[in-house]
Amino acid sequence: MSPPPAASALDLIGRTPLVALDRAHPGPGRILAKAEFLQPGGSVKDRAARAILLAARSDGRLRPGAPVVEMTSGNMGAGLAVACAILGHPLVATMSAGNSPQRARMLEALGAEVVLVPQVDGAPGQVTGADVAAAAERARAIAAERGGFHVDQFHAAEGLRAHEQTTGPEIWEQSGGRVDAWVACVGTGATFLGVAAALRQRNPRLLCAAVEPSDCQPLAGQPVAKPRHLLQGTGYGLVPPHWDASLMDASIPVTDEEAEHWRRLLALREGLHVGFSAAANACAAAALLASGRLAPGAVVATILCDTGLKY
Ligand SMILES: Cc1ncc(COP(=O)(O)O)c(C=O)c1O
């Protein structure tokens with residue numbers, strides 16, 4: 001029997017399919033990728049957006065009809081815009097001007113007010129940690145001016161918990177309880193840490209590898225030599241506030257060229273048009289399987305973070 005109609009777009013968030021990337025990576029082993037680009041806001045951030053707003057409404061930090069304010073590289077903003085439309089809040093999204101213009105257009109189409117913040121040291125398409133800090137500062141100021149709820153995704157624990165309670169268990173079930181490694185890039189770290197915690201609980205021998213832009217690997221304890229890279233929404237050159245080093249066994253570097261190559265490979269071989277961080281994840285998963293660090297026939301789970309339509 002088909003499920004009943006969803007009550008709203010909020011109920012469309014989560015329960016995304018898991019897809020095998022057998023054509024892009026015929027072996028050794030297998031890559032299973034969570035298709036988060038199929039969410040209503042087009043990315044993995046919908047889960048965190050919904051969880052943070054529902055928690056803030058239930059404990060009174062977000063009053064009915066009050067504005068919601070957040071810095072975004074586009075994806076959190078889209079998730080928040082979806083949730084704000086359903087819950088009845090205006091949304092103000094501050095964004096570094098270095099993010100692709102398609103992102104601002106998507107947010108505006110979903111009813112958000114977009115405030116573009118000039119870049120500090122990045123370049124168009126290459127957003128640095130300093131660029132993001134400037135956009136975050138602007139969000140903080142606007143929230144104070146307008147009496148709005150500042151989402152502050154880097155410090156909101158609900159995002160991480162949403163992935164621990166939904167994304168991780170879904171991956172485990174959909175894989176039939178067979179995941180040997182988990183590979184994902186890191187923005188706030190909510191996806192990587194939440195899923196790692198859930199999967200590790202189910203398989204204590206799980207290998208967890210963070211994906212970092214090459215020459216921008218603070219999680220690996222290396223100085224940041226190249227803050228500019230293509231992996232928008234991740235690799236900000238800092239260790240995020242909720243970081244738990246015990247959940248990371250390795251950091252896998254991915255170059256811009258590799259991310260471009262894998263974006264094309266996923267589109268042409270798999271029919272999956274996704275963004276650069278998703279492509280980097282698939283690239284890193286293949287590298288891990290080729291490294292000999294895992295048993296033959298190992299299964300690596302990863303995440304297709306967002307759609308390629310806004311790049
Ligand atoms: C395209 C993209 N990939 C990956 C991520 C990382 O997600 P998280 O913040 O859960 O680490 C983001 C976050 O905004 C993103 O926009």
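The values are calculated or read from the model by the stated rules, or taken from the named source; none is laboratory data. In this text, all values refer to a predicted model and were calculated from it rather than measured experimentally. All Cβ positions, even for glycine, are placed from backbone atoms using ideal geometry, and neighbour counts span all protein chains on display. Please note that ligands, DNA and RNA were not included when accessible areas were found on the heavy atoms of the full protein model with its side chains. Shrake-Rupley method; radii C 1.70, N 1.55, O 1.52, S 1.80 Å.
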Nearest 10, in degrees from 0 to 90: the angle of helix 75-87 to the longest Cα principal axis of the chain is 50
A 1.4 Å probe over the protein heavy atoms gives the chain a carbon and sulfur accessible-area percentage of 54
Asserting the computed 222 nm helical MRE of the chain (DSSP H runs at least 4 long, -39500 (n - 2.57) per run, divided by residue count, to nearest 500) equals -11000 deg cm²/dmol
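Write down the accessible area per residue of the chain in Å², having rolled a 1.4 Å probe over the full set of protein chains. Provide the component values of the computation, followed by the final result.
Numbers: 12410 Å² over 311 residues.
Solvent-accessible surface per residue comes out at 40 Å².
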In degrees, nearest 10, the alpha-carbon axis of helix 190-202 is tilted away from the dominant principal axis of the alpha carbons of the chain by 50
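Over segment 45-150, what relative contact order in percent results from Cα pairs under 8 Å that are six or more residues apart?
Once normalised by length, the contact order is 29 percent.
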Rounded to the nearest 5, the percent of DSSP beta bridges in the chain running antiparallel is 20
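Rounded, prolate or oblate: which fits segment 1-122 when a ≥ b ≥ c are the square roots of the eigenvalues of the alpha-carbon gyration tensor, with rounded for a/c under 1.5 and prolate only if a/b beats b/c?
Details: a/c = 2.40, a/b = 1.27, b/c = 1.89.
It is oblate, given that a/c is not under 1.5 and a/b is not larger than b/c.
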With every protein chain in place, the accessible area of Lys226 for a 1.4 Å probe, in Å² rounded to the nearest 10, comes to 70
Filtered hits (lysines, Cα-Cα < 22 Å from Lys310, offset >= 8 within chain) -> Lys34, Lys45
What the Cα atoms of the chain span along the principal axes, largest first and in whole Å, is 56, 53, 37
Charge dipole of the chain built from unit charges on the beta carbon (Lys, Arg +1; Asp, Glu -1), centred at mean Cα; most positive-end Cα among Ala157, Gln126, Pro4 is Pro4
From the Cα centre of segment 53-84 to that of segment 135-155, the distance in Å is 11
Treating only Lys and Arg (+1) and Asp and Glu (-1) as charged, each at its beta carbon, one finds that segment 120-160 has a dipole about its Cα centre, in Debye to the nearest 20, of 120
